[in-house]
Each structure stands twice: as structure tokens, then as C-alpha cells.
Amino acid sequence: MSGTYLGMPAFPVAAHEAVNNPTLRGNLRHATHTIRAKRAKAVAEVSDWDALREAGKQIKDHTLRHLDRYLVQLEEAVTAAGGTVHWAADADEANRIVTELVKETGESEVVKVKSMATQEIGLNEALEAEGIRAYETDLAELIVQLGKDRPSHILVPAIHRNRGEIRDIFRREMGAWGRPAPEGLTDTPAELAEAARLHLREKFLRARVGISGANFMVAETGTLVVVESEGNGRMCLTLPETLISVVGIEKIVPAWRDLEVFLQTLPRSSTAERMNPYTSMWTGTTDSDGPRTFHLVLLDNGRTDTLADEVGRQALRCIRCSACLNVCPVYERAGGHAYGSVYPGPIGAILSPQLRGTASAIDASLPYASTLCGACYEVCPVAIDIPEVLVHLRERVVEGGETVRGGNKVLLKPAKGHAAERAAMRAARWTFSHPAALRTGQRLASRSRRFHPRTLPGPGRAWSGTRDLPALPAEPFRDWWQRTNGGKDGAK
């Protein structure tokens, strides 16, 4: 992935500052509670939601099992429709391809549709290094860009900002990027939206190159799909002469009919709408409609490595709805920046360490950025068992072992700082494998319970500082079972 977030501290360190920011926590609490309440209402309207959820899971799993075949089919269909397909193994290659394509047009600025893939690879920074200015046109992304900020949510990148902060950003920064904010701009949503509309419209009408991602790619027809709520995507996809789409290879679906499932589950899970206000689809190019030139950059950047993991690969089902963020108690308190990735929240905690590896402090800590409460799994429209993958990745961090990086099998060393955990788990495994030792340990623990501390010493103090240690019974269960004949004697 991009080096944009390299140098981020481990999640607990990054989150510590966030949880002590009352303004941030207030913004997050209000926004996430509002979104998830609306989502619950929208989902409840669908009588066959569970069937749609299972169908989405099955379609994605089938596609991932046959990804090689469907990608070739997609390339053939896009090419036949007049587009050009490029393959990018990593972020550097994708950035190089896009930069060269823009340079070939002779343009020095581009307009962009909201795209997680281009944020992942740091495309804006790569374009800027080559003298090309990229303008974000999604309202929230515009706020982030003008504020020299980073996105903190998949669906609402500026969720950590309130209206007053947005007003100040518009007043201070808009003029340096184009049309300045109107005089006397207030923090009312209508005025802020109008200021953004006027600012962006000049860019839409002037731009000759558009850059997008895609929510879905249809293998059988070569069709790309973008869903959005503001109309900026439609402008970027239709007005420029050249369109460049950077899309992760996992965004593919086999057939047109598969969209029926996802165009029901995605809007309800993300924006709590029955359907997206704007659903744009395009297949190659035509002389009389839309861009004359279309390039599709298929991005790997760690996805085939993730696909090699039988447990972790389910993260590639993700359709970027952000429902898991809105129900996560950890995200609600820590915000998105603490995750050190463009993919925050529960999905980021399992996707980023697989795309980037677990060598850095932030990536090694992300699998622990969860309470394992399971709320994320319950709301996921493609049934990604995020808690299962989190535990799987925790094992990888602590124990090391064989994994795939760059298409090659590598042996990971156990991460530093987990020696005590490894020792405890090995001791537990030995104890549970020897019944006599387990029985003796239980009896000793029960008989010495009055001497047990209320908090753990050393590294364990962080755990027991917010939890009560479980009280030990006066008698081990197996002793009680033997003494009472399994409870049949009625003795206590």
C-alpha cells in the first residue's frame, strides 16, 4: 500500500489522543448513531435481507475462487468495447501508469470521483510530484483535501468534522484551490453545500481528464459501476474527454444479474437509502456519449496475497459500505485516523494488515483494535466474519508462521512484545493436555483464592485496570461433580 501513513504509532498510542478529544468523540457519536439507526430502519423494510446477504456472500466467494478467469473475461470485454486495460501489481506501478496516461493528454489537472483505491496507493501525492493537480469532488473528500486532512471514514471521510469546522475550512482554503467561499458564509448545511457546488462546478466544466474507482465491474459485459449520492461522480464520469478508473481486482462480479443483489444491499447498508440517487454505469466508449478514451487500471497491491489466506480472504468480499464502522464501539471512540490507513474501523483492522503485512507497529496492532463483540459481523451485508479474521491475524502476529507476500511464501517471525502471551498460551496448552496437572492447579487456585490480588502485576495491569478479575469458586467444578454425583445427590 501507499507510504502515506508510514510512521504511524501503534493503534493504542494513536487512539489514546483521540479518546481524550471531546469534540472528536462528540462528532463521531452523533454521526455513527444517526447513520446506524437509519440503516436499521432501511434494512428492516426488506423481508428477504438474510437471503440477499447470503447471496452476496456466495457471489463474492465464487468470484474469488475463479478470479483469474473472470479477470481475463473482463479484460476481453472492456477491450472489445473500446477501452484499454492496464495491470498494476502494486501502488508504484499503478501511480506510474496513471501519471503517464495523464501526461499523454497534455493536461495538468484532473477531477476525481471518491475512490478508496486511489487513496490506498497515494495517487494524489504521486500526481502532485509530477506537477499534476488532482481535485476531489465528493463533498466530504473536498473538505478533507481543503483542510489538509486525512479521511477517517469509508463513507463519510470528514465525519470527524462538525459544521463550524467545515465553514472555517471553506472560508480559509477555497480561494487557494479555485472559486473562494461566498462572503458571510455560515455553517448551515444548505450554504455549505452551495459553496461547494459553486466551487466545484468550474472544475467540472474545465476538466479534460477524470479519475475514478468503481464499486463493481461486470466480467461478462465489461461494465463498470459507480454509486454515489451527490452527482459529482456523474459529472466526472461523463464530461471529461479521458476517463481513468483505478479498481481493485476484487471488485469484479461475474454477470450483470449479480448487480441485482448488491444494488439492494449496498445503499441500505451505507447511506440507509433504498437505492443510490446516482448509479452510473459505462461500458467502454462511444463517439457520441461520454469520454472518448477510457483506461481501466486493475490494481493488485496485496490482494492476491490476501486471496492465498483461506481465513483472511473473506475480507476481499467487502463492498465498502462502512456499516461495520458505524456499530463498532472502538471506532466510535477512537475515530478513523488511529487506524493509520485509508481503511479504518473493523474492516480496516483485517484488510490493512493483509494488504500491507504486519511488519510495522501500526499493522501489528490493528488486529487488537477490537472488542470481538461481533456487531460488525452482524451488520455486514456480505457476511464477513470479522472477529474470526481478527483472531486469525492475532495468531499470525504472536506466533509468526508461513504467509504469502509479493506472491511468494515467506516465514514471518513472531512480533516483538508478545513473549509473555506466547508463554502463557503454551503453558495453557500443556496444562489442558494433562488432566492431572489441570486438576491439581484448580484445587490449588481454589484453596488459595483469599490471597489472590485484585489486579494483575506487570503487563497484565493494563488488562485488569479496566476489568475485574473473575472470582474463583471455593471448590473446582470437577470436585463438586464427583462429590455430588453430578448434582444428583442434591448437595450444594
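The values are calculated or read from the model by the stated rules, or taken from the named source; none is laboratory data. Remember, predicted model here, so these are calculated numbers, not experimental data. Cβ: placed from backbone, ideal geometry, glycine included. Neighbour counts: every protein chain shown. Just so you know, the surface numbers come from the protein's heavy atoms only, side chains and all, with ligands and any DNA or RNA stripped out. Shrake-Rupley method; radii C 1.70, N 1.55, O 1.52, S 1.80 Å.
Looking at the stretch 367-382 only, could you name the residues that are open to solvent by less than 10 Å² (accessible area, probe 1.4 Å) and more than 24 Å from HIS33 (Cβ to Cβ)?
PRO367
Right, ARG454: among the basic types (Lys, Arg) and either part of a helix (DSSP H, G or I) or surrounded by 12 or more Cβ atoms within 10 Å (Cβ to Cβ) (or both) or not?
Against the criterion (among the basic types (Lys, Arg) and either part of a helix (DSSP H, G or I) or surrounded by 12 or more Cβ atoms within 10 Å (Cβ to Cβ) (or both)), ARG454 does not qualify.
Check whether at least one residue in the stretch 72-80 is part of a helix (DSSP H, G or I), in contact (Cβ under 8 Å) with a residue 60 or more places away in the chain, closer than 30 Å to LEU224 by Cβ and in contact with a helix residue (DSSP H, G or I) (Cβ under 7 Å, 6 or more places away or on another chain), and report yes or no.
no
Which one is most open to solvent (accessible area, probe 1.4 Å), of the residues in the stretch 198-237 that are out of contact with any Asp or Glu (no Cβ under 8 Å at 6 or more places or on another chain) and of a type in the set (Ser, Thr, Tyr)?
Per the criteria, the residue is THR221.
Which of the residues belonging to the stretch 72-88 are loosely packed, with under 15 Cβ neighbours inside 10 Å and not acidic (Asp, Glu)?
VAL72, THR79, ALA80
Only residues that are under 25 Å from VAL110 (Cα atoms) and either open to solvent by 20 Å² or more (accessible area, probe 1.4 Å) or without any contact (Cβ under 8 Å) to a residue 12 or more places away in the chain (or both): list them for the stretch 153-166, please.
Within the stretch 153-166, LEU155, VAL156, ILE166 meet the criteria.
Restricting the search to the stretch 171-187, which residues are within 30 Å of VAL102 (Cα to Cα) and part of a helix (DSSP H, G or I)?
Across the stretch 171-187, the qualifying residues are ARG172, GLU173, MET174, GLY175, ALA176, TRP177.
Of the residues VAL253, VAL246, which single one is among the β-branched types (Val, Ile, Thr), open to solvent by less than 50 Å² (accessible area, probe 1.4 Å) and within 19 Å of VAL382 (Cβ to Cβ)?
The match here is VAL253.
Within 29 Å of VAL247 (Cβ to Cβ), touching a Lys or Arg at 6+ places or on another chain (Cβ under 8 Å) and open to solvent by 50 Å² or more (accessible area, probe 1.4 Å) - does that describe any residue in the stretch 54-71?
Within the stretch 54-71 (the criterion being within 29 Å of VAL247 (Cβ to Cβ), touching a Lys or Arg at 6+ places or on another chain (Cβ under 8 Å) and open to solvent by 50 Å² or more (accessible area, probe 1.4 Å)), the answer is yes, since at least one residue qualifies.
Which of the residues belonging to the stretch 296-312 are of a type outside the set (D, E, K, R) and open to solvent by less than 20 Å² (accessible area, probe 1.4 Å)?
LEU296, VAL297, LEU298, LEU299, ASN301, GLY302, THR306, GLY312, listed by residue number.
Considering each of ALA315, ALA323, ALA338, ALA334 in turn, give the residue that is over 14 Å from the mean Cα position of the chain (by Cα), open to solvent by less than 10 Å² (accessible area, probe 1.4 Å), closer than 20 Å to LEU372 by Cα and touching a residue at least 40 places away in the same chain (Cβ under 8 Å).
ALA334
Can you give me the ranges of the strands (runs of 3 or more DSSP E) entirely in the stretch 188-254 with at least 1 residues that are farther than 30 Å from HIS66 by Cβ and either more than 21 Å from the chain's Cα centre (by Cα) or without any contact (Cβ under 8 Å) to a residue 12 or more places away in the chain (or both)?
Output list reads 209-212, 242-248.
Return the pairs, sorted by first residue and then second, in which the second residue is surrounded by 12 or more Cβ atoms within 10 Å (Cβ to Cβ), the first residue lies in the stretch 399-413 and is more than 18 Å from GLU310 (Cβ to Cβ), the beta carbons are less than 8 Å apart, and the residues are 6+ apart or on different chains.
GLY406/ASP305; LYS413/GLY400
Filter the stretch 96-112 for residues that are open to solvent by 20 Å² or more (accessible area, probe 1.4 Å) and of a type outside the set (D, E, K, R); which is nearest to the chain's Cα centre (by Cα)?
ILE97
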